[in-house]
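The values are calculated or read from the model by the stated rules, or taken from the named source; none is laboratory data. Keep in mind that what you see is a predicted model, and the values were worked out from it rather than measured. Here the Cβ positions follow ideal geometry from the backbone for every residue, glycine too, while neighbour counts run over all protein chains shown.
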Protein chains: 2
Amino acid sequence: MTDKVLVVLSGGQDSTTCLYWAINRFGIGSVSSVTFDYGQRHRIELECARQVADFANVPNAILPIDTFAALGGNALTDSGIEVASSVEDDTGLPNTFVPGRNLIFLTFAAAYAYQRDIGHIVTGVAQTDYSGYPDCREETMTALQSAIRFGMESELTIHAPLMNFSKKQTVELALDLAALPAMALTHTCYNGVRPPCGSCPACELRIKGFREAGVVDPLTL
Amino acid sequence: MTDKVLVVLSGGQDSTTCLYWAINRFGIGSVSSVTFDYGQRHRIELECARQVADFANVPNAILPIDTFAALGGNALTDSGIEVASSVEDDTGLPNTFVPGRNLIFLTFAAAYAYQRDIGHIVTGVAQTDYSGYPDCREETMTALQSAIRFGMESELTIHAPLMNFSKKQTVELALDLAALPAMALTHTCYNGVRPPCGSCPACELRIKGFREAGVVDPLTL
């Protein structure tokens, strides 16, 4: 395995910090990124990921996944009926929450990495502040790395540098890595608006992290 | 977790045998099936899966996965370029081989099962006769089950009843389970033709298994 590294880049604060972590650790020439177009509510995330990668001078590939939208739909058990590729729920928005979504992201990232002789993957998952998402836990990452190593006969390493960081610590890491300017290009708001709404749970978490770190969020400038 | 069971049904000989294994073990009312539309070379597989499920009186859902075609394509590293959803290789056929494909199939199946309170998944993977496919090995299945259990906080069990069976033993199991009539509806041939070509590696393996078991393949009648 080489020292090449692939960052799973969502266009958010955490994965952007991880991108700079990877650049710092492996060197800019070794880093590439992948972003999943999985039917997320806000297409702006894909654009943010591209802008962040461009800004950091790192290649970015977008991979489609149409399965989440189909899974997020309804209990389709009628024989032979094809699941719709996009399903709306009561809110009129596509319902794309799927349990274990990070398992899928990382396995596809591993397949992409395997084909390019990339030995390391970096993900922004964190078990702090994220109760209720069991696919972000350290045990999950360890078991998944085993499954990928067996299943692909590879020596792939999954890095989750933010695993035990609070949002405050993530902001401090971004500061250390000179990643703050890129934060102006990231997207966090659940309502998909720019400037961010400032009141959704995702915005609140981000605001709290920057405040506790004593750093001004460049997104709000 | 309930005693409901989901069979990953490809429309081939092995997964069809597993469907009958599941019916025999869990009871017909507990069994459903899922088939992945992942850009396989031969669409006939999807039709065969549907026919097998209908014949066995088991519900069948088809889930799309457009990522393999994108991954199977080429080394797309240009920033911001979207990977095409279907790529042709030198043979003029979509190149959809992806390392660790069964990891993806089973993780999506697990998500589908989770949403429906299904506690068991059955897959037709076998480590016998299948050298070169590390995602079919027992160690891979064990590690993947761990990753899914951690990642989804579930008690899901992955069953691979054919894991250590030769093709001969698989035919004998099908005979025991009264699954032979359904074999007439399955698809094996790499060339995608019916009647099967009889000379591709997949046909040769199937023919050998039936011959060694001393059973006439209903597909050839």
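Data for the structure
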| quantity | calculated |
| --- | --- |
| Residue in segment A:50-69 that is over 16 Å from the mean Cα position of the chain (by Cα), of a type in the set (S, T, N, Q) and either part of a helix (DSSP H, G or I) or at pLDDT below 95 (or both) present | yes |
| Qualifying residue in segment B:14-32 (condition: over 25 Å from B:Asn191 (Cβ atoms), of a type outside the set (A, V, I, L, M, F, W, C) and within 11 Å of chain A (Cβ to nearest Cβ)) | yes |
| Those residues of segment A:48-72 which are of a type in the set (Gly, Ala, Ser) and within 7 Å of chain B (Cβ to nearest Cβ), in sequence order | A:Ala53, A:Ala61, A:Ala70 |
| Residue in segment B:55-65 that is of a type in the set (Phe, Trp, Tyr) and buried (at least 20 other Cβ atoms within 10 Å of the Cβ) present | no |
| Tally, over segment A:135-152, of residues that are charged (D, E, K, R) and at the interface with chain B (Cβ under 7 Å from one of its Cβ atoms) | 3 |
| Qualifying residue in segment B:125-142 (condition: over 29 Å from A:Pro134 (Cβ atoms), touching a Leu at 6+ places or on another chain (Cβ under 7 Å) and at pLDDT below 95) | yes |
| Selection from segment A:121-155 of residues that are farther than 15 Å from A:Asn102 by Cβ and in contact with a Gly (Cβ under 7 Å, 6 or more places away or on another chain) | A:Gly151, A:Met152, A:Glu155 |
| Scan of segment B:115-153 for residues that are in a loop (DSSP other than H, G, I, E, B), of a type in the set (Ser, Thr, Tyr) and surrounded by fewer than 20 Cβ atoms within 10 Å (Cβ to Cβ), ordered by number | B:Thr128, B:Tyr130, B:Ser131, B:Tyr133 |
| Residues of segment A:164-183 that turn out to be outside any helix (DSSP H, G or I) and buried (at least 18 other Cβ atoms within 10 Å of the Cβ), as a count | 3 |
| Considering residues of segment A:33-47 that are hydrophobic (A, V, I, L, M, F, W, C) and either assigned to a helix (DSSP H, G or I) or touching an Asp or Glu at 6+ places or on another chain (Cβ under 8 Å) (or both) only, the residue farthest from the other protein chains (Cβ to nearest Cβ) | A:Ile44 |
| Failed condition for B:Ser85, given (1) over 28 Å from B:Leu205 (Cβ atoms); (2) modelled with pLDDT of 90 or more | (2) |
